[in-house]
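The values are calculated or read from the model by the stated rules, or taken from the named source; none is laboratory data. Bear in mind the structure is a predicted one, so any value in this text is a computation, not a measurement. Here the Cβ positions follow ideal geometry from the backbone for every residue, glycine too, while neighbour counts run over all protein chains shown. Protein only, heavy atoms only, side chains kept; ligands, DNA and RNA dropped before computing areas. Shrake-Rupley method; radii C 1.70, N 1.55, O 1.52, S 1.80 Å.
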Amino acid sequence: MKRKLLVITSGTIAAGVGQELIKQVKAHPASELQLVVRYIDTANLLTRYSGLRSGEWFQMTINPQFMDTVRRNPQNHPDLTKLLYPGFLPEIQGSGGGSIRYNAAGAMAINRRRMKEWLTTSITDLVRADIGQVELSIALVVSSVGATGSGSLEQLIDLVVDCAQTVNIPSPLHCDVFILQPGPQGVTDLGLSNTLALYAEMAASRLVKDESHAKSYRGRTLVVGWGSERYMSSIEQLKEAATTLIRLAHDPATAIAAEFQEREVDNHVLRELDEQTQLPSHLSSATAVTISLGDLEEKIAQRDAVHLIDTLVFGGKPSETTAGDYFIPSTDRTEHKAGPLLNTLTNFLQGDMPEDRYRHLVGRLTEVLSIQSLQINAAQLQNMNTQQQAGRLRGAWMYDKEEIIKSGRRRIQEQGAFLAGTALQDIIQSRRTAMANGLSLRDLRDEYQYMESIITSTISVQQGFSPEATDERDVTRKLSALERPGWGSRERALQQAIGAVHGHLEAMLQRESHAAALDVLRLLQNHCAEALRNLEIVLGKLLRQRKNNPRWAGSDQKFRIDMNHLLHMAALSNDTEITRYADMVSIFASTNKRRGASGAGAGAIGRIVAGEQQTDQVGEFRKWLDEQGKLDALFAGEIDTLLDFAQSYATSYVHAEVRQHSVVDVLLQTGEDVLLNRLKDAADKAHSLVPFSEQFARDQRSVRHVSAYWRDEEQRGILQKTIEQAFGEGQCTLLGSKDPSEIVVFYYVDGLPMSAISDLTVRCLEAFLKRCRAWYRQSKINSNGAETNSTYKQRVGVPVYSSKEAQQRVLKAGVIHQLYSVRGQMINDFSLDELPELANGSYVDQQ
């Protein structure tokens, strides 16, 4: 059963983690995460992430008129007034919080009711999905630098717990917090002070809040840093590293998730206080190093999908000009072999020559009329005298003539409609059958072109025929001559009379069938013309797609495993290894795979003896499309639909093959020393991404796991032995995985107080103290001014805390006092007179 995970991001940078997580889960078909991501920001996220849909994100805003009401009537808003600084109200203009945590915290408080409704709906929908499984996990992602994430985190945790209780999620709720640390360069003093203020407020909350709050949820607070510069060089890499941590820490497809959560429950260091500073040791750090095929599986499936469509559409890869444009060479019609559609047409219009085909069509049109005169011959009349012969012929002729005049045209037209409708149905059915059995769109176009030429040549015969007006006087003369034959001319007179009657009636029939024959041929010609137009459009679009669509264009390139992140390692290191692996798992490499399975010298006979059968994968895809009712989508030009179906088919097949050729298989086939070297490299990288001092984290507990998919106990034994060689005996635990596409080295350390994290005792602390000093100085100046409480916009500096209440909490707990006592050597000295934070916890600022 899949595990439900709700990820809530707060802030613009954190939103990128949510976007990346969706991509990662999709890229791992073995994942057992049922993922929902929701985004919160004070800015308009659509300007950065245009793909967000309504209901997926929430923009926190502050109405200036509402804040003015709060300023003038604070007694009516007791929940807000305890958060607000007198004379200085939070302000957001729609483009973000301006890096001011106080703005984001105010927006969070003001929008709490609406946000609760929104998040409660998301949790309810997730719970109801998949047979109503109630158990779910929540992951919060924030950046410590910006306003939104840093300023809203604590309120967001309370809100999430409140929402979970509203929908009856069993307590304690599992909720992990992932905090993105500031980069080594390019971060302002305000960003650094925001970081320290966030951790100070969190520490103070743990020191002064009662235990009932802590028992309502459990989970780690994971500090995700940049490591050294050789680990991550950009914010994008930081987001990718955080994404990988979230996925692996919650996905049941690897045993990491269960181990990680179970260990959190029993890990007492997360609940204790640091002996030296008496600060909470509730922080953790984690690092995930992956050894994988990267996006190779996706690339192979993409190439196979393009190969399927190339074969289905063009009969193979289309030709290419020197300029790189694709085209379909014209077909020599003299060499065209009749296909199913052409056979259907020639069965309808029988004959080797256009004249023969036209006569056959006319015969089909007139066969519905029973013309008795045309059945009469001389032998039938030989026992009659000439008067009787003439009378018999005259009566039949007159009757047949009247029948043709009265109902012949109507019946011929009805027959034409029936014949044309049947022919079109047969052609369309033949087209569907032909496409299901191997005809490409290019072949189909050639068939229609040849059919059109046959119909056009037949029409030219029909158009060249202009039936002459029939003259009944010739029939009358011949019948009169039969009644009075001259000596010795009786037989000749009879033959001439019969011929005149037949000729006259046949001319009448031909005249009446002429328009109907033209209608039938025009209908068939129009069908061919429309089909050719559609096919030319489809082929033209596909040729352009073949060149311009990135998914198609990439299929012609040599496979590469692109990993621009030192925490992600490629399992295959060169072109030969990559190509060999691609041949093993590709749809179109079945022959090579079977050769390997049956022995290099087995050959076709050996494979047959072994019970193996050659499989036409394109034929299987055609059959699959036919079963899905999507062959007509191909002919109709639904290109994106077709490409998606081909991608889905190829992805399913390739993933099944990947499970038979896991990363462990690939590395072991290359050599056990290759697996060992990869694990050694990963071990070197499996350290905290957040520099911390062992001196101030004496009780920390660190763990290393390797999560891998193994085929059998023998392979598991090899893995265990190799892990002991790479990490040292007993230093790393082997965990099972259902994902054959990656090996994960997962490291985490628990029990880190603020004082242990290097950044928080040096540059962040100094930036924080400077900002606090500036705030207090400006506050004193403002308190002496006459305008302090008279207007919404004040001449006040920027507070570093998220609220007045948070400031008092930090002062009361003495967090900054304790942290300052273990500050780094390079930090400047600050005066207690200017900074109340430097006093111990007995002092609480009442401003």
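Using a 1.4 angstrom probe on the protein heavy atoms only, could you order Glu275, Glu530 from most to least accessible area?
Glu275, Glu530
Using helices alone, what [θ] at 222 nm do you get for the chain, with -39,500 (n - 2.57) per DSSP H run of 4 or more residues, divided over all residues and rounded to the nearest 500?
Working: 33 runs with 465 residues, N = 847.
So the helix-based figure for the chain works out to -17500 deg cm²/dmol.
Between Gln75 and Asp681, what FRET efficiency comes out of the Förster formula 1/(1 + (r/R0)^6) with R0 = 51 Å and r the beta carbon distance, rounded to 0.05? It would help to have the intermediate numbers written out before the result.
Values: r = 64 Å, r/R0 = 1.26.
Result of the calculation: an efficiency of 0.20.
Carbon and sulfur atoms: what percent of the 1.4 Å accessible area of region 709-787 do they account for?
So the carbon and sulfur contribution to the accessible surface is 43 percent.
Would you list Phe768, Phe692 from the most to the least accessible area, probe 1.4 Å?
Phe692, Phe768
Count the net charge of all other residues whose Cβ sits under 11 Å from the Cβ of Leu667, scoring Lys and Arg as +1 and Asp and Glu as -1.
Numbers: positive: Arg678; negative: Glu577, Asp665, Glu672, Asp673.
With Lys, Arg at +1 and Asp, Glu at -1, the net is -3.
Taking the Cα centre of the chain as origin and charging only Cβ (+1 Lys, Arg; -1 Asp, Glu), how large is the dipole, in debye to the nearest 20?
Value, rounded to 20: 1800 debye.
What full-extension length gain, to one decimal in nm, is calculated for Lys541 and Thr579 as 0.36 nm per residue of separation minus the Cα-Cα distance?
Values: separation 38, 0.36 × 38 = 13.68 nm, distance 3.05 nm.
Using 0.36 nm per residue and subtracting the Cα-Cα distance, I get 10.6 nm.
So how do Lys82, Lys478 rank on accessible area, 1.4 Å probe, biggest first, that is with the largest at the start?
Greatest to least solvent exposure: Lys82, Lys478.
Tell me the accessible surface of Asp162 in square angstrom (1.4 angstrom probe, heavy atoms of protein chains only), to the nearest ten.
40 Å²
Hey, any idea what % of region 122-194's accessible area is carbon plus sulfur with a 1.4 Å probe?
Whole-percent figure for carbon plus sulfur exposure: 50.
Pop a pseudo-label 7 angstrom from the Cα along the beta-carbon direction at both Phe66 and Arg263 and give the gap in nm to one decimal.
Placing both labels 7 Å beyond Cα along the Cβ direction yields 4.3 nm.
Ratio of region 41-173's C-alpha Rg to 2.2 N^0.38 Å, to two decimals?
Working: Rg = 16.2 Å, N = 133, 2.2 N^0.38 = 14.1 Å.
That works out to 1.15 for region 41-173.
Restricting to DSSP loop positions (anything but H, G, I, E, B) with no more than 11 other Cβ atoms inside 10 Å of their own Cβ, which trypsin sites (Lys or Arg not before Pro) remain in region 272-375? Don't skip to the answer; put the middle values down first.
Values: sites: Lys299, Arg303, Arg333, Lys337, Arg357, Arg359, Arg364; in loops: Lys337.
Sparse-neighbourhood loop trypsin sites (Lys or Arg not before Pro): Lys337.
Which loop-located trypsin sites (Lys or Arg not before Pro) does region 1-65 contain, where loop means any DSSP state but H, G, I, E or B and the Cβ has at most 10 other Cβ atoms within 10 Å? Provide the component values of the computation, followed by the final result.
On the way: sites: Lys2, Arg3, Lys4, Lys23, Lys26, Arg38, Arg48, Arg53; in loops: Lys2, Arg48, Arg53.
When the trypsin sites (Lys or Arg not before Pro) of region 1-65 are filtered for loop state and at most 10 Cβ neighbours within 10 Å, Arg53 remain.
Just in region 59-158: which GluC sites (Glu not before Pro) are loop by DSSP and have at most 15 other Cβ atoms within 10 Å?
Hits after loop and neighbour filter: Glu135.
Taking a label point 7 Å from the Cα of Ser457 along the Cα→Cβ vector, which residues of region 346-384 have an amide N closer than 13 Å to it?
Those under the cut-off are 346, 350-358.
Which of Gln75, Ala204, Gly219 sits farthest toward the positive end of the charge dipole of the chain, with +1 on the Cβ of Lys and Arg and -1 on the Cβ of Asp and Glu?
In the chain, that residue is Gln75.
Can you give me the distance in nm between label points at Ile405 and Gln669, each placed 7 Å from the Cα along the Cα-to-Cβ direction?
Spacing of the two 7 Å Cα→Cβ label points: 8.6 nm.
So who's got an amide H within less than 5 Å of the one on Thr221, skipping anything under 5 residues away but keeping other chains? H placed 1.01 Å off N, in plane.
Amide H to amide H, under 5 Å and 5 or more residues apart or across chains, Thr221 pairs with Val177, Ser284.
With every protein chain present, what accessible area does Glu240 have (1.4 Å probe, heavy atoms only), rounded to the nearest 10 Å²?
60 Å²
Averaged per residue, what accessible area in Å² does region 1-159 show with a 1.4 Å probe, protein chains only?
40 Å²
Would you mind working out the accessible area per residue for region 686-756, using a 1.4 Å probe, and quoting it in Å²?
Working: 2850 Å² over 71 residues.
I get 40 Å² per residue for region 686-756.
How many nm separate the modelled label positions at Arg716 and Ser702, each set 7 Å beyond the Cα in the direction of the Cβ?
Going by the 7 Å Cα→Cβ label model, 2.9 nm.
Report, in listed order, any pair from Lys239/Lys804; Lys4/Lys623; Lys116/Lys770; Lys406/Lys478; Lys116/Lys812; Lys558/Lys630 with a Cα-Cα distance greater than 28 Å. Present the calculation step by step, with values, prior to reporting the outcome.
Numbers: Lys239/Lys804 32 Å; Lys4/Lys623 36 Å; Lys116/Lys770 36 Å; Lys406/Lys478 25 Å; Lys116/Lys812 30 Å; Lys558/Lys630 31 Å.
Table pairs above 28 Å Cα-Cα are Lys239/Lys804; Lys4/Lys623; Lys116/Lys770; Lys116/Lys812; Lys558/Lys630.
Output the DSSP H helices from the chain with an along-axis C-alpha extent of no less than 27 Å and a mean Kyte-Doolittle hydropathy no less than 0.5. Spell out each step's value before the answer.
Details: long enough: 112-132 (30 Å, -0.58); 147-166 (28 Å, 0.46); 189-208 (28 Å, 0.66); 409-436 (40 Å, -0.42); 441-464 (34 Å, -0.55); 490-548 (83 Å, -0.26); 639-659 (30 Å, 0.07); 763-783 (30 Å, -0.79).
Counting only whole DSSP H runs, the qualifying helices are 189-208.
Could you point to the label whose value was computed as volume of the Cα convex hull per residue in Å³ for the structure here, given (1) 263; (2) 176; (3) 146?
(1)
Find which of Ser758, Val706, Phe746 sits farthest along the positive direction of the dipole of region 703-765, computed with +1 on the beta-carbon of Lys and Arg, -1 on that of Asp and Glu, about the Cα centre.
Ser758
Considering only Gly814, Pro354, Gly183, whose Cα is most displaced toward the positive end of the charge dipole of the chain, charges sitting on Cβ of Lys, Arg (+1) and Asp, Glu (-1)?
Pro354
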